[in-house]
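A short write-up of the structure that comes next.
The values are calculated or read from the model by the stated rules, or taken from the named source; none is laboratory data. Just so it is clear, the model here is predicted, and its values are computed rather than measured. So basically every Cβ, Gly included, is an ideal-geometry build from the backbone, and we count neighbours across all protein chains shown. Surface accessibility is based on the protein's heavy atoms, side chains included, excluding ligands, DNA and RNA. Shrake-Rupley method; radii C 1.70, N 1.55, O 1.52, S 1.80 Å.
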Amino acid sequence: QVQLVESGGGLVQAGESLRLSCVASGNIFSINTMGWYRQAPGEQRELVASINGGGSTNYADSMNGRFSISRDNAKNTLYLQMNSLKPEDTAVYYCHANSRGVDYWGLGTYVIVSS
């Protein structure tokens, strides 16, 4: 089992930045890929970015270089640095981990970007 707890969400104005964190616990040594997803009201959950155990990253095209994912294995923590935030980035952001073919999710952290 893997537990994921997100933090760092909040209310910001357009153009500002936020850094989300996700602390993993439990059977963390079996985790390979971790990532961030988001779900806006009335929309489907979508991939924001992911990073595998080797450090290779993958981003959704719509992030346009504004977001950066990183992983600190010593702290069991995943980060998402979000810059130049836009109102359309408003969503619940979820941390995801895949461990031995099983998907784990955090409860999410809300990001609201006002115009």
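When the stretch 93-115 is examined, which residues are found to be within 18 Å of residue 39 (Cα to Cα) and either small (Gly, Ala, Ser) or under 10 Å from the mean Cα position of the chain (by Cα) (or both)? Spell out the reasoning first.
Start the filter on the stretch 93-115 by keeping residues that are within 18 Å of residue 39 (Cα to Cα), which leaves 93-97, 103-114.
If the condition is that a residue be within 18 Å of residue 39 (Cα to Cα) and either small (Gly, Ala, Ser) or under 10 Å from the mean Cα position of the chain (by Cα) (or both), then 93, 94, 95, 96, 97, 106, 108, 109, 114 are the ones that fit.
To keep it simple, each residue is scored yes or no on (1) open to solvent by 60 Å² or more (accessible area, probe 1.4 Å); (2) of a type outside the set (A, V, I, L, M); (3) in contact with a Leu (Cβ under 8 Å, 6 or more places away or on another chain).
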| site | (1), (2), (3) |
| --- | --- |
| 52 | no, yes, no |
| 56 | yes, yes, no |
| 59 | yes, yes, no |
| 67 | no, yes, yes |
| 87 | no, yes, no |
| 90 | no, yes, no |
| 93 | no, yes, yes |
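Being part of a loop (DSSP other than H, G, I, E, B), modelled with pLDDT under 95 and either under 12 Å from the mean Cα position of the chain (by Cα) or over 17 Å from residue 104 (Cβ atoms) (or both): is that true of residue 55 here? Answer is yes for this residue. Quick one: in the stretch 99-115, which of the residues that are modelled with pLDDT under 95 and in contact with a Ser or Thr (Cβ under 6 Å, 6 or more places away or on another chain) is most open to solvent (accessible area, probe 1.4 Å)? This residue is 100. Among the conditions (1) open to solvent by less than 50 Å² (accessible area, probe 1.4 Å); (2) at pLDDT 95 or above; (3) out of contact with any Gly (no Cβ under 6 Å at 6 or more places or on another chain); (4) of a type outside the set (Lys, Arg), residue 31 misses just one, which is (2).
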